[in-house]
Amino acid sequence: MTRQQLIDQIFAKGTYLCVGLDTDPDKIPDHLKGQPDAVFEFNKAIIDATKDYCVAYKINTAFYEAQGLKGWEVMDRTVRYIPATHFTIADAKRGDIGNTSTQYAKAFFEALPFDAITVAPYMGADSVRPFLEYEDKWAIMLGLTSNPGARDFELLDCSRRQDVLVDGVHTQPRAEGKLFEFVLQKGVEWGSSGNLMFVVGATQAAAFAQIRASTPDHFYLVPGVGAQGGSLKDISEAALTADCGLLVNASRAIIYASEGEDFAQEAAAIAQQYAFEMKGYLDGIRRI
């Protein structure tokens, strides 16, 4: 899916909601448990119920990989069931040396028909670039995440000296910032606003305005709204752009809205609430 196609879907539907299909077989309603195709039937019902209120679906591959071959088959069937109008994300957080990343890209962009994959950039440019070589496909690079462990590396204060040529003289000005800020800067160098997004966690709302200033044209995938306590209002006010620039993910708050046979209807109701709030923010940027 191209950037413009994604933007068109967002404004046509008045929502930038991404529904996370992090389906745990132990958490699906009891009436589905024990059925031979329980996870797929659950996913299918969630997709049918929420597709009018979202523009994207994010499949957390760990929940499927944990089920072995059957899990991979369910993931394949699920991503193919999602309407072509919706942006599909493999939340796989892959990232390795170039040859290996090339194979990961083939797995998720060729063998599986995802539009995007989350990527861990720790190993540098050669771990990310293979995902950027596909036309109309996206890498979504980890930037500043929602988890408490973000403090271990991402929020470290860093500095470095940069060799700069000024009037024929080499100088080494000091560059200061947090590690995630340098990661974002590198990402902008590697990809474009048409093939690279960043993961920015909703619980990091205080940093959103600064991040948007440094990456004004890129889309963000924003997890952490709902069950993790992130504020949709704060994120939207700080980071919405004229092109929207956001995909806000909600997983547990939607797919586990009910434990009963009405789980799909309740999921739709929660998704509709998010979409209604998002439409208000989108209408606001149109009036500016």
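The values are calculated or read from the model by the stated rules, or taken from the named source; none is laboratory data. On a predicted model such as this, the values are computed, not experimentally measured, just so you know. So basically every Cβ, Gly included, is an ideal-geometry build from the backbone, and we count neighbours across all protein chains shown. Protein only, heavy atoms only, side chains kept; ligands, DNA and RNA dropped before computing areas. Shrake-Rupley method; radii C 1.70, N 1.55, O 1.52, S 1.80 Å.
The table below gives the values:
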{"quantity": "Relative contact order for the chain, counting Cα pairs under 8 Å that sit 6 or more residues apart, in percent", "calculated": "22"}
{"quantity": "Gyration tensor (alpha-carbon) shape descriptor, the stretch 210-288, a/c threshold 1.5", "calculated": "prolate"}
{"quantity": "Of all DSSP beta bridges in the chain, antiparallel share, percent nearest 5", "calculated": "25"}
{"quantity": "Local electrostatic count at VAL39 - Lys and Arg +1, Asp and Glu -1, tallied over other residues with Cβ under 13 Å", "calculated": "-3"}
{"quantity": "Cα long-axis angle, helix 263-287 against the chain (0 to 90 degrees, to the nearest 10)", "calculated": "40"}
{"quantity": "Full-stretch length increase - ARG129, THR85 - with 0.36 nm per residue and alpha-carbon distance subtracted", "calculated": "13.2 nm"}
{"quantity": "Local electrostatic count, VAL199, Cβ distance below 12 Å [Lys/Arg +1, Asp/Glu -1]", "calculated": "0"}
{"quantity": "Per residue value of the accessible surface for the chain (all protein chains in place, 1.4 Å probe), Å²", "calculated": "46"}
{"quantity": "Virtual spin-label span in nm between GLN103 and PHE153, 7 Å along Cα→Cβ", "calculated": "2.2"}
{"quantity": "Inter-site label distance for PHE11 and ASP30 at 7 Å from Cα along Cβ, in nm", "calculated": "4.9"}
{"quantity": "Calculated diffusion of the stretch 46-166, Stokes-Einstein form, Kirkwood radius summed over Cα pairs, 37 °C and 0.692 mPa s, µm²/s", "calculated": "203"}
{"quantity": "Note, ³J(HN,Hα) from phi for the stretch 70-78, Karplus 6.51, -1.76, 1.60, rounded to Hz, x at Gly and Pro", "calculated": "4, x, 4, 5, 5, 4, 4, 5, 5"}
{"quantity": "GLU189/LYS70 FRET efficiency (R0 41 Å; Cβ-Cβ; nearest 0.05)", "calculated": "0.50"}
{"quantity": "Calculated [θ] (222 nm, deg cm²/dmol) that DSSP helices of n ≥ 4 give over the chain, each run adding -39,500 (n - 2.57)", "calculated": "-12000 deg cm²/dmol"}
{"quantity": "Interchain or long-range residues, amide H under 5 Å from GLY177's placed H", "calculated": "CYS158"}
{"quantity": "Length-normalised contact order for the stretch 241-288 - Cα pairs under 8 Å, 6+ apart - percent", "calculated": "35"}
{"quantity": "Inter-centroid distance (Cα atoms) of the stretch 218-260 relative to the stretch 1-52, Å", "calculated": "15"}
{"quantity": "Of the trypsin sites (Lys or Arg not before Pro) in the stretch 14-54, those whose Cβ has at most 10 other Cβ within 10 Å and which sit in DSSP loop", "calculated": "none"}
{"quantity": "Relative intensity, log₁₀ I(q)/I(0), of the chain from a Debye sum that treats every alpha carbon as a point, q = 0.07, 0.12 Å⁻¹", "calculated": "-0.26, -0.76"}
{"quantity": "Lysines with Cα under 25 Å of LYS44, excluding same-chain neighbours fewer than 8 positions away", "calculated": "LYS13, LYS27, LYS33, LYS58, LYS70, LYS93, LYS137"}
{"quantity": "The chain - percent of accessible surface contributed by carbon and sulfur, probe 1.4 Å", "calculated": "50"}
{"quantity": "Farthest positive-ward along the chain dipole, Cα basis, beta-carbon charges - from THR203, HIS31, THR78", "calculated": "THR203"}
